[in-house]
Each structure stands twice: as C-alpha cells, then as structure tokens.
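Report on the structure given below.
The values are calculated or read from the model by the stated rules, or taken from the named source; none is laboratory data. This is a predicted model, so every value here is computed, not measured. Here the Cβ is made from the backbone with ideal geometry for all residues, glycine too, and neighbour counts use every protein chain on show.
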Amino acid sequence: MEKTAKRILVLLILMISALLVTPLFAKPKAAKAVDPVAAVTKLAPVTQLAKNPTEGVYYSLFVRSFADGNGDGIGDINGLISKLDYINSDSDKSLGCTGIWLMPIMKSTTYHKYDATNYCEIDEDYGTIEDFKKLVEECHKRDIRIIIDFMMNHSSVEHDWFFEACMYLKELEKGQKPSAEECPYFDYYHFVKEEDVVGTTYYPIDGTKWYYEGSFWSGMPDLNLESEAVRGEFEDAAKFWMDLGVDGFRIDGVKYFTGSEKKNISILKWFNNYVKSENEDAYIVGEIWDDVTLATKYLEGGMYSVFDFSFGQSSGKIVGTVRQAASGTAGKSFANALVQIQDIVKKVKLSSIEHELANTQDWSRCQELIQQKKEILKLNLVLNS
C-alpha cells in the first residue's frame with residue numbers, strides 16, 4: 001500500500017507539472033494555455049492504480065442537491081444511483097472517480113443532516129435502507145467505494161438520547177443529584193449546573209438550572225465520547241453501516257471531541273481499532289480544521305488520512321495555482337508544496353497521506369472562488385482530487 005501511495009504521489013506531481021506546462025528544470029520560453037480536458041485524461045492512470053478504499057479519487061457528494069429520483073425537488077439515493085455511470089464507468093464522459101464520500105444521510109430534522117436523530121436510519125428525504133443497499137450494490141459493480149459522514153461529536157437535540165436525559169433532569173427533586181444509574185442518557189452528554197457554566201458554548205434546559213454543551217450551536221449537543229455506553233452506541237452504528245457494505249467513514253469535528261488533543265487522539269484510536277477489527281481495509285479520514293502540522297498529529301489515532309485545510313479557500317494553493325496556470329511556474333510550485341506537506345505527514349505516520357482541499361461544504365463553492373470559464377474550473381477539480 002505504501003509503494004502504491006508513493007507511486008500515486010509521484011504521478012500526481014509529474015502530471016500536475018506537465019499539465020501546467022512548466023518543465024521542472026528548464027526556463028519556459030513562453031506561457032502556454034492549459035488544456036484541462038487533457039489534464040483529466042492524463043490523471044486516469046492514477047485512478048487505475050486504486051486497489052483499496054484508501055486509494056484513488058473520491059467524489060464529495062451532497063445527496064440533497066445531486067440528483068432527484070422521484071420528482072419532489074430533493075436529491076435522493078435513487079437519483080444518485082441513476083448517475084453512477086457519470087461518476088465511474090467505461091464511458092469517456094465518466095469522471096473516473098473510484099469512491100464517493102456521502103455527506104450525512106442519517107435521519108435528521110435539518111437540510112444538512114449533520115445533527116442525527118437516529119444513527120441507523122436513512123433520512124426519509126433521501127429514501128430507505130433498501131434504496132441504500134441498492135446503491136452499495138451498484139457502486140461496487142462499478143468499482144466505486146462508499147464512505148459516509150459519521151458525526152460522533154454531537155447529536156441532534158431531537159435525538160431520543162437527549163430527550164430522555166433532559167426529561168430526567170426536569171423531573172429531579174430539589175437537591176437530588178443526577179445519576180447515570182437512574183438515567184444512563186445523563187452520561188451521554190456534558191451537563192453542568194448553571195453556576196458551573198464556563199464559556200459561551202453552553203445552553204439552558206428549559207425549566208431547570210441545568211445547561212448542556214454544544215460546540216457548534218444549540219441544536220447540536222456535544223456527546224460524551226469518553227463514556228463506554230456512548231462508545232458502544234457508535235460501535236453498533238458503525239457495524240450497522242459496514243454490514244450494509246460501507247467502505248469507511250469520514251469523521252466530523254474531530255478536534256471538538258474534548259478540550260484535549262491527547263484525549264481526542266485516544267478516542268480516535270478506540271474508533272479506528274473497532275472499525276479495523278470489523279474490516280481491516282476500512283478507510284477512515286478525519287476532519288481536523290487546523291494548521292497542517294497540528295492536524296497531522298491526529299494520525300496517531302490510527303486514521304489513514306486527514307483533511308488539509310491549508311490549501312483551501314481563495315488564498316489557498318489550489319485556487320492560486322489555477323489562477324496562475326499559464327504563468328510558467330505554477331506547476332513546479334504546486335508540486336513542491338505537495339512534497340512539503342507529505343514530508344510533514346511522514347514524520348507522524350509513514351503510510352498516510354494528506355487530503356488537500358480547495359473548498360468544503362462549509363466554504364464558498366469552487367465556482368465562486370475562481371469565477372472563470374468552465375475549463376479552468378475543471379483544472380481546479382483535478383488539483384482538488
């Protein structure tokens with residue numbers, strides 16, 4: 001696997017340098033236009049090297065906006081199935097992606113679905129478990145792997161766990177101390193009394209003097225991932241999805257698990273060890289929104305890779321390279337930057353790689369960042385893969 005990863009990195013560096021027209025060791029005589037279509041074609045050997053879920057090119061996919069299969073105006077699983085040949089097939093019009101990362105598909109009350117109300121159900125907007133089984137079957141027929149967003153940091157306020165915990169606190173007698181033995185769900189979240197609130201990420205429970213922690217917002221109460229009971233819930237959920245054929249997980253909000261980097265890495269080790277005990281080839285990638293040097297520390301938790309946000313947004317290396325594609329030096333500069341990032345990664349975990357991103361679901365879309373013709377946007381997508 002390590003040899004294959006190295007081959008892919010070398011090919012990427014050489015091809016990106018070539019497609020951006022700049023010989024690495026010769027001064028360019030004149031800037032030339034880039035042919036993004038040819039660039040995509042030249043990257044085909046990279047995707048063909050993919051032998052397992054940790055390799056190849058993944059397509060980040062928001063089901064709600066991708067393809068509507070039943071005409072209700074909302075993207076769904078059957079709509080996605082109808083477009084799989086576009087993602088990967090023998091057609092010369094296929095993207096040639098060897099994997100898809102599905103943004104949240106679990107039952108939720110919001111459009112983005114990052115706040116699950118049930119970790120083992122498909123949201124009804126998207127379809128049914130039977131639809132998902134069909135999706136897995138059709139993906140694997142086309143050598144497309146599937147990883148799904150897995151939101152362990154928090155649940156929805158509408159989740160039964162949180163509802164039961166809040167009802168328990170509301171029914172406590174004056175002066176009575178809460179107990180996880182009486183209500184196991186009390187230990188699922190971070191509850192504190194009013195006088196113990198520190199910071200601005202705690203929210204009141206109506207009718208009580210109790211508060212709960214919500215790092216992102218009041219609708220997403222933080223879960224206690226040091227609780228053995230909570231870990232058991234997520235082991236069950238992970239097994240549920242792996243039994244359906246999921247090839248791995250994208251872990252959301254990793255740096256927010258606790259206030260301690262050491263504890264966060266320990267939590268990742270637990271989850272990684274469990275998943276690998278069920279499927280040793282499972283792919284786990286973490287979202288750690290931080291400096292690349294700090295983010296790579298989380299590889300100690302056993303994940304194969306983490307997202308690198310340093311290349312992202314309008315000031316990042318990917319968009320900058322695309323904008324300067326005809327400058328004569330953009331290819332070499334981008335390749336050198338990739339090597340520097342991977343050198344940082346290898347100091348932590350030799351077999352891992354960093355995922356460079358132009359943008360995510362939390363940022364502006366590529367079209368807004370670049371605001372240039374379609375061909376240049378295509379080149380951006382190549383570099384972002």
Considering only residues that are aromatic (Phe, Trp, Tyr) and surrounded by fewer than 18 Cβ atoms within 10 Å (Cβ to Cβ), look in segment 271-313 and name the one that is modelled with the highest pLDDT. Tyr274
Within segment 158-177, is there a residue that is under 30 Å from Asn264 (Cβ atoms), among the aromatic types (Phe, Trp, Tyr), within 22 Å of the chain's Cα centre (by Cα) and surrounded by fewer than 15 Cβ atoms within 10 Å (Cβ to Cβ)? no
Which of the residues that make up segment 90-112 are in contact with a Lys or Arg (Cβ under 6 Å, 6 or more places away or on another chain) and either surrounded by fewer than 17 Cβ atoms within 10 Å (Cβ to Cβ) or small (Gly, Ala, Ser) (or both)? Gly99
Answer yes if at least one residue in segment 58-76 is within 18 Å of the chain's Cα centre (by Cα), among the aliphatic types (A, V, I, L, M), within 21 Å of Ala237 (Cβ to Cβ) and modelled with pLDDT of 95 or more, and no otherwise. yes
Looking at (1) hydrophobic (A, V, I, L, M, F, W, C); (2) in contact with a Leu (Cβ under 9 Å, 6 or more places away or on another chain); (3) closer than 21 Å to Thr110 by Cα, which one does Ile144 not meet, given that it meets all the others? (3)
Residues of segment 236-271 satisfying the condition of being of a type outside the set (A, V, I, L, M, F, W, C), within 26 Å of Ile129 (Cα to Cα) and within 15 Å of the chain's Cα centre (by Cα): Asp247, Gly248, Arg250, Asp252, Gly253
Restricted to segment 178-214 and to residues being outside any loop (DSSP other than H, G, I, E, B) and of a type in the set (Ser, Thr, Tyr), the residue surrounded by the fewest Cβ atoms within 10 Å (Cβ to Cβ) is Tyr203
Any hit, segment 204-213, residues being within 26 Å of Leu268 (Cα to Cα) and either in contact with a Pro (Cβ under 8 Å, 6 or more places away or on another chain) or at pLDDT 95 or above (or both): yes
